[in-house]
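The structure appears below as structure tokens.
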Amino acid sequence: MLDTVKNRVTISGANNHLSASIGTSLYPDSAKDGSSLLKQANIAMYKAKTTRGNRYYLK
């Protein structure tokens with residue numbers, strides 16, 4: 001996914017650079033239920049965001 005996002009995209013004639021921050025969590029290592037698993041993935045995503053784009057973080 002990150003390789004695809006880092007490609008330049010042209011929208012209405014303007015070149016745009018995209019980035020992505022992806023957070024992942026693993027069941028049952030990160031959490032025992034769906035709600036907690038999503039919370040851990042969200043925390044991981046925000047950790048990825050602190051590194052300035054096109055990053056992933058595994059929680």
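The values are calculated or read from the model by the stated rules, or taken from the named source; none is laboratory data. No experiment lies behind these values; they were computed from the predicted model shown. Reconstructed Cβ throughout: ideal geometry from the backbone, glycine too, with neighbour counts over all protein chains shown.
Which ones in the stretch 22-42 are surrounded by 15 or more Cβ atoms within 10 Å (Cβ to Cβ) and modelled with pLDDT of 90 or more? Matches in the stretch 22-42: Ile22, Gly23, Thr24, Ser25, Leu37, Lys39, Gln40, Ala41.
Residue-by-condition table, conditions (1) farther than 15 Å from Met1 by Cα; (2) in contact with a Ser or Thr (Cβ under 6 Å, 6 or more places away or on another chain):
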| residue | (1), (2) |
| --- | --- |
| Ser12 | yes, no |
| Asn16 | yes, no |
| Asp29 | yes, no |
| Leu37 | yes, yes |
| Asn42 | yes, no |
| Met45 | no, yes |
| Lys49 | yes, yes |
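Of the residues making up the stretch 3-46, those that are touching a strand residue (DSSP E or B) at 6+ places or on another chain (Cβ under 9 Å) and closer than 23 Å to Lys59 by Cα number 16. Sub-9 Å Cβ pairs linking a first residue in the stretch 1-14 that is exposed (fewer than 10 other Cβ atoms within 10 Å of the Cβ) to a second residue that is of a type in the set (Asp, Glu) and not in a loop (DSSP other than H, G, I, E, B), at least 6 apart or interchain, number zero.
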